[in-house]
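Enquirer: My questions will all concern the structure given below.
The values are calculated or read from the model by the stated rules, or taken from the named source; none is laboratory data. Small disclaimer: the values here were computed from a predicted structure and weren't measured. Heads up, the Cβs are rebuilt from the backbone with ideal geometry, glycines too, and the neighbour counts pull from every protein chain shown.
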Amino acid sequence: MKRVRINAGKVGLIFNKGDYQRIITKGTYWLGFGERVIQYDLTQSFVAPIALDLLLEDATLEAMLHVIEVKDNEIVLVYENHNFKTILAAGRYLYWKGLINYKFTTADLSKIYITEKIDTSLFSHYALTKYIRVFEVTAYEKAVLIVDDVYIKTLESGSYRFWRNDTSITIAKVDVRQLQLEIAGQELLTKDKAAVRINFNTQYKVIDIEKALLDNKEYEKQLYIAMQLVLRAYVGTYTLDELLDRKESMAQTVLEDTKNTATKLGVRILNCGIRDIILPGEMKEIMNQVLVAQKRAQANIITRREETASTRSLLNTAKLMEDNEMLYKLKEMEYVEKIADKIGEITVSGNGGMVKQLKDIFSVSK
């Protein structure tokens, strides 16, 4: 016979010639011939030395064990003394009762939504991340949830987690801020066949995410084409001169004509406008020549107007001098003063009037 001792925190399984006999706990025991004992630590998981079904026929041993059955498409989160320990995949697991407080949370991976009570801090744990799909919707976005190609619901901003399985999950997101659409360098023909290039800007915002993403494919491109066609139609109804005169009203017309199309796309056009109208090189040169000619004509008109006003003023002055001898004398003195500023010495005699003698002096000097 052989004496064995089982210390606190351990148990022993007694086998006789390979067959399980009984379980023993803390204490001292005598083993018969052919018997042997295998000791187990109650703080560790239990690994059966023989077929588990044979061991569980012992009601005493079964009562001392947590028997965890994990099915396919399931996982079990194991907590020891309220702290997360590990994750169990499909299979059968045994844990000793009594010494450690165990808690087991079973999660069904065949569904997509995480409905189990799992602390969100564990979602970033490396042991759990491989079982979870994570989608982020930022503060300026909205998204639609599509499961197996079926629309489920619209998602606001936030983090969304789903179990990782064979179910197809798609998150389609849209930026709900004010967006910019630019039609740059669009070459168009006016009514008089003049080729112009127009840069056109549009500010818009997505207001119906379901229409934008589910009812339409590539709503941005559709909006671009709609704006382009309306712009082309508008330009084609006016000559170049008319277009340049109406460029301020063009944006409002394009906005009104595309409003219904934008609504069908799930967007609202907030504002639009022309940034540039670019003429070809030859056309630009001709327009510059026309502009120069117009400015010259305006300058000639102003010059003629000033000359006419000056002549009229001289005529009025002459009439006054004719009627007023004193005014005539004052004008003579003003004339002499102006000449004296430029001539060092002037000698006049008493023959004839001063103005006549000055005239004769200049005629002689010439």
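Enquirer: Would you be able to tell me the number of residues in the range 231-275 that are surrounded by 19 or more Cβ atoms within 10 Å (Cβ to Cβ) and closer than 23 Å to residue 218 by Cα?
Expert: Residues that pass the stated criteria total 9.
Enquirer: Right, something else. Mind listing whichever residues of the range 26-48 are modelled with pLDDT of 90 or more, part of a loop (DSSP other than H, G, I, E, B) and surrounded by fewer than 15 Cβ atoms within 10 Å (Cβ to Cβ)?
Expert: Residues satisfying the conditions are 26, 43, 44, 47.
Enquirer: Checking the structure you have, find out if any residue of the range 93-101 is closer than 30 Å to residue 1 by Cα and in contact (Cβ under 8 Å) with a residue 60 or more places away in the chain. Walk me through it before giving the result.
Expert: Keep residues of the range 93-101 that are closer than 30 Å to residue 1 by Cα, which gives 96.
Filter again for in contact (Cβ under 8 Å) with a residue 60 or more places away in the chain, leaving 96.
The answer is yes; a qualifying residue exists.
Enquirer: Out of (1) part of a helix (DSSP H, G or I); (2) modelled with pLDDT of 85 or more; (3) in contact with a strand residue (DSSP E or B) (Cβ under 9 Å, 6 or more places away or on another chain), the odd one out for residue 172 is which?
Expert: Every condition holds for residue 172 apart from (1).
Enquirer: Surrounded by 14 or more Cβ atoms within 10 Å (Cβ to Cβ) and either of a type outside the set (Gly, Ala, Ser) or within 60 Å of the chain's Cα centre (by Cα) (or both), is that true of residue 54?
Expert: no
Enquirer: Next up: Give the range 158-178 a look and list any residue that's within 18 Å of the chain's Cα centre (by Cα) and in contact (Cβ under 8 Å) with a residue 40 or more places away in the chain, or say none.
Expert: 172, 178, listed by residue number.
Enquirer: Ok, one more. Check the range 238-247 and report whether any residue there is at pLDDT 80 or above and closer than 30 Å to residue 144 by Cα.
Expert: Looking through the range 238-247, none of the residues is at pLDDT 80 or above and closer than 30 Å to residue 144 by Cα.
Enquirer: Considering only the range 192-249, how many residues are touching a residue at least 12 places away in the same chain (Cβ under 8 Å), charged (D, E, K, R) and in a helix (DSSP H, G or I)?
Expert: 7
Enquirer: Within the range 115-141, restricting attention to residues that are touching a Lys or Arg at 6+ places or on another chain (Cβ under 7 Å) and under 30 Å from residue 211 (Cβ atoms), which residue is surrounded by the fewest Cβ atoms within 10 Å (Cβ to Cβ)?
Expert: Filtering first and then ranking leaves 140.
Enquirer: Here are 69, 62: which of them is under 30 Å from residue 111 (Cα atoms), at pLDDT 90 or above, acidic (Asp, Glu) and outside the structural domain of residue 126 (by TED's automatic domain parsing)?
Expert: Unique residue meeting the criteria: 69.
Enquirer: Within 29 Å of the chain's Cα centre (by Cα) and of a type in the set (Phe, Trp, Tyr) - does that describe any residue in the range 84-96?
Expert: Scanning the range 84-96, I find no residue that is within 29 Å of the chain's Cα centre (by Cα) and of a type in the set (Phe, Trp, Tyr), so the answer is no.
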